[in-house]
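Engineer: The structure that follows is given in the form of structure tokens.
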Amino acid sequence: MKLFNCHHCGNTLYFENYSCLKCKNDLGFDPKNLTLVTLKRTTYLSEFQEINGQGRFFRYCANAKQGACNWLIQLPNTNSLCIACELNSTIPDLYIPANVKSWQNIEIAKHRLIYSLLRLKLPVINKVQNPVQGLSFEFKAELYPNQTVTTGHFLGVITLNIKEANEVERIRHQLDLGEKYRTLLGHLRHEIGHYYWDLLIKDSDKLNSFRILFGNENVHYTQSLKTYYKSTPPSNWKENFISIYATAHPWEDWAETFAHYLHMMDTLETAYAFGLAVGAEEVNNNNFKAGLRDDPYEIATFDKIVDTWLPITFALNSLNRSMGYQDFYPFHISTSVIEKLSFIHNMCKELKIKA
């Protein structure tokens, strides 16, 4: 994530801010330029003008009224929803107060996801634009005692059980399933990986390369998942997979690895924005020195990203341990996993060049 500053007073801002705490001006995110815009009100209550820059006119996404979105729509565009909220096909019943908070938390994660996709210049297409290849989100609550809402992806539709926005529920699932890392944003990054497999790999010239790295996806999916949940993962799974769940099926390996790639790129961009540098003398016979001199989204080779990533995660783990917490980054990246991540990186770079 970039580092944002108020265009009026220079105050440092969070991506989710609606107003500057210092100068009190309104703020909104411009998805076209991927920046927070400082606004001034006009004589029309729903319209705002950019304070600096081009003096463009905007209005907020309609979901701003629910505290679920701070993204802007540039006039004269007549859409009521921003490009991130246009992707929603189902949201929970907002007459239930608990649902409002859950939905707000989900939207924070989803908007960060969409930011990353736009930053990578990956196609973000809604179902209205393209009913077949488009993307949509269904955020659902379990309305009846026997009803089950399963988080997952199918034909461009990503479904999320809003219970995942409840911290207690999410930690319970994390412990039950033995997952070291489980977040709302992580869920969405995983499921979007399935979507992009269908969109960018399934019928492309990259399918054979995918199979060499991840395996043959024609292995029966449902049976593979049943086997995964009934059996113990191989003791050497870390040699070839980023997570235990990635061992279940090539599709899950891809989705887990794709999510991890988004984790890395967004975290490295944040570190770069803050000028974070890590220096240590000798750690496991490696010279752990990392100064982020380049925007990770502009780095051509994935090896350079890995060389920067490892010392930063080591430092963050050390900071967490100093506070008595578990490791911030509970993953091991093997040579095999690096090859898979590099495949995704190269694919994204090719798409960016074509964009």
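The values are calculated or read from the model by the stated rules, or taken from the named source; none is laboratory data. As the structure is a prediction and not an experimental result, all values here were calculated from the model. Cβ sites come from the backbone with ideal geometry, for glycine too, and all protein chains shown count toward neighbours. Surface areas here come from the heavy atoms of the whole protein model, side chains and all, with no ligands, DNA or RNA. Shrake-Rupley method; radii C 1.70, N 1.55, O 1.52, S 1.80 Å.
Engineer: Can you name the condition, by its number, that N79 falls short on among (1) surrounded by 16 or more Cβ atoms within 10 Å (Cβ to Cβ); (2) not in a strand (DSSP E or B)?
Structural biologist: Of everything listed in (1) surrounded by 16 or more Cβ atoms within 10 Å (Cβ to Cβ); (2) not in a strand (DSSP E or B), N79 misses just condition (1).
Conditions (1) assigned to a helix (DSSP H, G or I); (2) within 27 Å of Y14 (Cα to Cα), marked per residue:
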residue: K226; (1), (2): yes, no
residue: Y229; (1), (2): yes, no
residue: T232; (1), (2): no, no
residue: A246; (1), (2): yes, no
residue: D253; (1), (2): yes, no
residue: H260; (1), (2): yes, yes
residue: M265; (1), (2): yes, yes
residue: L268; (1), (2): yes, yes
residue: A271; (1), (2): yes, yes
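Engineer: Assuming E217 fulfils every condition listed in (1) farther than 26 Å from T267 by Cβ; (2) assigned to a helix (DSSP H, G or I); (3) acidic (D, E); (4) at pLDDT 95 or above apart from one, which condition is it?
Structural biologist: (2)
Engineer: Would you confirm whether or not the stretch 265-278 contains a residue that is modelled with pLDDT under 85 and of a type outside the set (A, V, I, L, M, F, W, C)?
Structural biologist: Within the stretch 265-278, one or more residues are modelled with pLDDT under 85 and of a type outside the set (A, V, I, L, M, F, W, C).
Engineer: Can you tell me how many residues in the stretch 35-55 are open to solvent by 20 Å² or more (accessible area, probe 1.4 Å) and in contact (Cβ under 8 Å) with a residue 24 or more places away in the chain?
Structural biologist: Adding up the residues that qualify gives 5.
Engineer: Follow-up. Just to verify a result, which residue in the stretch 129-143, among those that are among the small types (G, A, S) and assigned to a loop (DSSP other than H, G, I, E, B), is most open to solvent (accessible area, probe 1.4 Å)?
Structural biologist: Residues of the stretch 129-143 among the small types (G, A, S): 134, 136, 141.
If we keep only those that are assigned to a loop (DSSP other than H, G, I, E, B) too, we end up with 134, 141.
Working: G134: 0, A141: 23 Å².
It comes out as A141.
Engineer: For the stretch 89-101, what are the residues that are in contact with a strand residue (DSSP E or B) (Cβ under 8 Å, 6 or more places away or on another chain) and either aromatic (F, W, Y) or open to solvent by less than 30 Å² (accessible area, probe 1.4 Å) (or both)?
Structural biologist: Residues of the stretch 89-101 in contact with a strand residue (DSSP E or B) (Cβ under 8 Å, 6 or more places away or on another chain): 89-92.
If the condition is that a residue be in contact with a strand residue (DSSP E or B) (Cβ under 8 Å, 6 or more places away or on another chain) and either aromatic (F, W, Y) or open to solvent by less than 30 Å² (accessible area, probe 1.4 Å) (or both), then P92 is the only one that fits.
Engineer: Also, quick follow-up: Quick one: in the stretch 206-252, of everything that is touching a residue at least 40 places away in the same chain (Cβ under 8 Å) and charged (D, E, K, R), which residue is most open to solvent (accessible area, probe 1.4 Å)?
Structural biologist: Once the filter is applied, the top-ranked residue is E239.
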